[in-house]
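Written below as structure tokens is the structure these notes are about.
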Amino acid sequence: QVQLEESGGGSVQAGGSLRLSCAASGRTDSGYAMSWFRQAPGKEREFVATIRGSDGSAFYAASVKGRFTGSRNVVKNTVYLQMNSLKPEDTAVYYCAQNAHGLPSTEPGRMDYWGKGTLVTVSS
């Protein structure tokens, strides 16, 4: 059973930075993609970024491109989301997720495993 655990959330002022981590256990093959999603109060869960399992490259939602950077540490089986130039609209619970086939996806419905989330609050 795959288990995912996020950490690194917190409260920052607009323009600040945070780095989220997602530690994966139960799956030792590092060739699986990992995705980040977020959900703001009263809104649907939305795609943020995916780190490909094949080469560690990432693609992003338009709303975060140029500000967020995804990366991974294969040895630690951990992925990261470096978030810079944070805006109040980035406030949300951030989740990492993975599907059983390890394929990259931007769709929450295609994810089989989810972490419990970590809260990011950005104040103006």
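For this structure, a couple of remarks:
- Pairs of Lys in the chain closer than 22 Å at Cα, counting only those 8 or more apart or on different chains: 5
- Contour excess over end-to-end distance, with Cα ends at Arg67 and Leu119 and 0.36 nm allotted per residue: 16.9 nm
- To put it simply, the accessible area of the chain at a 1.4 Å probe is 46 percent carbon and sulfur.
- Under Karplus coefficients 6.51, -1.76 and 1.60, residue-wise ³J(HN,Hα) of the range 62-78 in Hz, glycine/proline x: 4, 5, 10, 4, x, 10, 9, 9, x, 8, 8, 10, 5, 5, 8, 6, 10
- When the P(r) is computed for the range 84-124, the part past 13 Å accounts for 59% of the Cα-Cα pairs.
- Shown for the chain is the translational diffusion coefficient from the Stokes-Einstein equation, using the Kirkwood radius over Cα pairs, a temperature of 4 °C and a viscosity of 1.567 mPa s: 92 µm²/s.
- Separation between Cα centres of the range 71-117 and the range 20-62, rounded to whole Å: 3 Å
The values are calculated or read from the model by the stated rules, or taken from the named source; none is laboratory data. A quick note: this is a predicted structure, and the numbers were derived from the prediction, not measured. Remember, those area values only see protein heavy atoms, side chains included, never the ligands or the DNA or RNA. Shrake-Rupley method; radii C 1.70, N 1.55, O 1.52, S 1.80 Å.
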